1. Hey, could you check segment 52-74 for residues that are open to solvent by 20 Å² or more (accessible area, probe 1.4 Å) and touching an Asp or Glu at 6+ places or on another chain (Cβ under 8 Å) and say which is farthest from residue 162 (Cα to Cα)?
2. Name every residue in segment 128-156 that is among the aromatic types (Phe, Trp, Tyr), more than 11 Å from residue 87 (Cβ to Cβ) and under 14 Å from the mean Cα position of the chain (by Cα), in order of residue number.
3. Considering (1) free of Cβ contacts under 8 Å to residues at least 60 places away in the same chain; (2) closer than 23 Å to residue 75 by Cβ, say which one residue 124 fails and leave the rest.
4. Checking the structure you have, find out if any residue of segment 178-190 is under 20 Å from residue 49 (Cα atoms) and open to solvent by 60 Å² or more (accessible area, probe 1.4 Å).
5. Since residue 77 meets every condition but one in (1) over 23 Å from residue 62 (Cα atoms); (2) in contact with an Asp or Glu (Cβ under 7 Å, 6 or more places away or on another chain); (3) of a type outside the set (D, E, K, R), which condition does it not meet?
6. From 125, 99, 115, which residue is among the hydroxyl-bearing types (Ser, Thr, Tyr), over 18 Å from residue 63 (Cβ atoms), open to solvent by less than 10 Å² (accessible area, probe 1.4 Å) and modelled with pLDDT under 95?
7. Among residues belonging to segment 133-164 that are in contact with a Gly (Cβ under 8 Å, 6 or more places away or on another chain) and surrounded by 23 or more Cβ atoms within 10 Å (Cβ to Cβ), point out the one that is modelled with the lowest pLDDT.
Amino acid sequence: MNTILRKSVLGIAGLAFTGGVFAGPVAAHAADTTHAAKPVAVTVQGDKLIPHGVQGEQSRIDLDDEQTANVKAIIAATKKAGMDERAAVVSIATALQESKLENLGHLGDRNDHDSQGLFQQRPSSGWGTVEQITDPEYSTTAFLKGLKQVDGWKDMPLTKAAQTVQVSAYPDHYAQWEQQAADLVAQHWNS
């Protein structure tokens, strides 16, 4: 009986690990334009944008016009969903980690199964069709719908809130984008 129980526990742990690996982010496709950055002071909205302070070293990338347009689309979808600036920070940090704010289609051999779009959502996991999850408004709304279902998401560190929605194999990686996401929300929320 002890052997059966042990094998069952190991089997469940293996499934959980495999599920996390398969749901992990796709970052190998992007040129490594990331660089560590010291936290930058956020404007008056700082308490709303980063209520818990940043966790760990922060990364930062330079954005092109397409990535900036995706930031604006995420902010617009957040406002349309009736959510606040903190929700936009969580969303943008998540998209920075998952796709570097690039609306990714299928990446062939480099694809993480069928993950696509800004949030690397998967049609096979019920996020929507390929056309839907590669639409920035739809994919943001889907992410925010998941975020709303996380009890206490506003009172938890960004990386925990994002991980609860995304179920990534790399749960702590969202934290590195919090400062840049907050800066982008501060810059574009009222524009």
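The values are calculated or read from the model by the stated rules, or taken from the named source; none is laboratory data. Keep in mind that this is a model prediction, so the values were computed, not measured. Every residue, glycine as well, gets a Cβ built from its backbone with ideal geometry; the counts of neighbours run over all protein chains shown. When the accessible area is computed, the model is the full protein with side chains, heavy atoms only, and any ligands, DNA or RNA have been set aside. Shrake-Rupley method; radii C 1.70, N 1.55, O 1.52, S 1.80 Å.
1. If we filter segment 52-74 for residues that are open to solvent by 20 Å² or more (accessible area, probe 1.4 Å), which is where we start, we get 52-57, 60, 62-66, 68-69, 72-73.
Narrowing the set further to residues that are touching an Asp or Glu at 6+ places or on another chain (Cβ under 8 Å) leaves 54-56, 66, 73.
Numbers: 54: 14, 55: 14, 56: 16, 66: 23, 73: 18 Å.
If we take residues in segment 52-74 being open to solvent by 20 Å² or more (accessible area, probe 1.4 Å) and touching an Asp or Glu at 6+ places or on another chain (Cβ under 8 Å), then 66 is farthest from residue 162 (Cα to Cα).
2. Selection gives nothing.
3. (2)
4. Within segment 178-190, the first condition is being under 20 Å from residue 49 (Cα atoms), and the residues that meet it are 178-190.
Now narrow it down to the ones that are open to solvent by 60 Å² or more (accessible area, probe 1.4 Å): 187, 190.
Yes, segment 178-190 contains at least one residue that is under 20 Å from residue 49 (Cα atoms) and open to solvent by 60 Å² or more (accessible area, probe 1.4 Å).
5. Among (1) over 23 Å from residue 62 (Cα atoms); (2) in contact with an Asp or Glu (Cβ under 7 Å, 6 or more places away or on another chain); (3) of a type outside the set (D, E, K, R), the lone unmet condition for residue 77 is (1).
6. 115
7. Looking at the filtered set, the residue picked out is 133.
Yes or no, residue by residue, for (1) within 10 Å of the chain's Cα centre (by Cα); (2) among the hydrophobic types (A, V, I, L, M, F, W, C):
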{"residue": "158", "(1), (2)": "yes, yes"}
{"residue": "168", "(1), (2)": "yes, no"}
{"residue": "181", "(1), (2)": "no, yes"}
{"residue": "188", "(1), (2)": "no, no"}
